[in-house]
Amino acid sequence: MKTVRSASLLLALVCAASQASVKPNAAAAPLQQEGTSLFAQGKYKDAIAKYQEAAKADPTASEPLSGIANVLMAAASQAQGDARMRLRQQSESVARQALTLGPDDPLAQEVLRVLLEDRPAPLHVPTPAAWKAMQEGEVLFQAGKPAEALVKYEESARLDPLYSTAEVNAGDSFFVQKKWPEAEEHFRKATEIEPLNGQAWRFLSDALQWQQKLNAAEAALFSGIAAQPN
């Protein structure tokens with residue numbers, strides 16, 4: 001992963017115009033997608049630059065700003081000392097600006113939730129090889145190729161059987177294709193690998209709901225709350 005110098009992260013953020021929204025307009029959407037792809041590749045500086053272009057192309061959309069906030073938070077997780085603190089503060093500031101444009105922006109909400117949580121989720125840290133396969137899968141998934149991404153996610157899971165997030169993402173590849181039973185299988189396996197993976201429980205609940213397994217979906221949701229009360 002490439003790190004980002006704090007000096008390069010000073011943002012020329014635009015003021016919100018009327019008719020603010022979460023999603024960017026047609027001019028900004030391709031730039032937003034490029035930024036997401038660059039972030040998945042670990043190119044943080046390039047991702048921020050692309051998100052900034054998207055923000056200029058559509059000053060009323062919140063997603064470019066929430067994308068920037070997410071990159072800053074990721075960079076902070078790799079920094080130390082004062083640099084880490086500055087990056088987290090910048091991330092929080094940009095996430096809050098995103099929410100002034102789109103109060104229901106899910107990424108901005110998630111960034112703030114993570115930043116305001118005192119302790120990180122105690123999940124398994126993957127091996128470098130498993131992490132690399134995961135990132136390759138993320139690039140394919142963001143490019144709208146869930147079947148190809150699945151191959152990489154499954155490779156990541158084989159390389160590190162304790163990496164529950166690989167199973168979560170594999171399930172997500174089926175979920176976006178509306179293959180609910182296959183998605184359920186992978187999400188459930190993730191909860192068995194790491195019962196404290198709250199995301200795995202939430203996604204499992206969603207897959208069960210789509211299959212009208214409502215009691216099981218409710219139980220999975222409560223298990224997710226128990227795993228990560230925040």
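The values are calculated or read from the model by the stated rules, or taken from the named source; none is laboratory data. From a predicted model like this one, the values you see are computed outputs, not experimental measurements. We place every Cβ from the backbone using ideal geometry, glycine too, and count neighbours over all the protein chains shown. Accessible surface is based on the protein model in full, side chains and every heavy atom, while ligands, DNA and RNA are left aside. Shrake-Rupley method; radii C 1.70, N 1.55, O 1.52, S 1.80 Å.
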task = Determine the share of the chain's accessible area contributed by carbon and sulfur atoms, expressed in whole percent, with a 1.4 angstrom probe.
result = 56 percent
The chain: calculated mean residue ellipticity at 222 nm from DSSP helix runs of at least 4, using -39500 (n - 2.57) = -22000 deg cm²/dmol
ask   = When the solvent-accessible surface of protein heavy atoms is calculated with a 1.4 angstrom probe, in what order do Asp160, Asp82, Asp172 fall, highest first?
value = Asp82, Asp172, Asp160
query = Going by the alpha-carbon gyration tensor, a ≥ b ≥ c the square roots of its eigenvalues, is the range 144-193 rounded (a/c under 1.5) or, if a/c is not under 1.5, prolate (a/b greater than b/c) versus oblate?
reply = oblate
task = Report relative contact order for the chain in percent, whole number only (criteria: Cα-Cα under 8 Å, sequence separation at least 6).
result = 13 percent
inquiry  = For Trp131, Trp201, give me the order by solvent-accessible area with a 1.4 Å probe, most accessible first, ignoring ligands, DNA and RNA.
reply    = Trp131, Trp201
ask   = Considering only the other residues whose Cβ falls under 11 Å of the Cβ of Leu159, what net charge follows from Lys and Arg at +1 and Asp and Glu at -1?
value = 0
inquiry  = For Val151, what accessible surface area do you get with a 1.4 Å probe? Give it in Å², rounded to 10.
reply    = 90 Å²
key: GNM top mover of Gly42, Gly81, Gly102 - the chain, alpha-carbon springs below 10 Å   = Gly81
query = Which value, to two decimals, describes the C-alpha radius of gyration of the range 76-154 once divided by 2.2 N^0.38 Å?
reply = 1.36
inquiry  = Using the crude model of +1 on Lys and Arg Cβ and -1 on Asp and Glu Cβ, and no other charge, please compute the dipole size for the chain relative to its Cα centre, in debye to 20.
reply    = 540 debye
ask   = Rolling a 1.4 angstrom probe over the protein heavy atoms, how many square angstrom per residue are accessible across the range 100-164?
value = 57 Å²
request  = Pick out, from Leu196, Thr60, Val114, the residue whose Cα sits farthest towards the positive end of the charge dipole of the chain, with +1 on the Cβ of Lys and Arg and -1 on the Cβ of Asp and Glu.
outcome  = Thr60
note = Checked against the structure, the computed Rg/Rh (Cα atoms, Kirkwood Rh) among (i) 1.29; (ii) 1.26; (iii) 0.97 is the one labelled (iii)
request  = Give the long-range amide H neighbours of Ala61: residues separated by 5 or more places, or on another chain, with amide H under 5 Å away, using H modelled in the peptide plane at 1.01 Å from N.
outcome  = Ser21
ask   = Considering only Asn215, Gln33, His186, whose Cα is most displaced toward the positive end of the charge dipole of the chain, charges sitting on Cβ of Lys, Arg (+1) and Asp, Glu (-1)?
value = Gln33
ask   = Mind listing the Cα extents of the range 120-230 along all three principal axes, in Å, largest one first?
value = 37, 30, 20
query = In debye, nearest 20: dipole of the range 26-142 around its Cα centre with unit charges on the Cβ of K, R (+) and D, E (-)?
reply = 360 debye
key: Where Ile193, Ile225, Ile48 fall by accessible area, highest first, once all protein chains stay in place (1.4 Å)   = Ile225, Ile193, Ile48
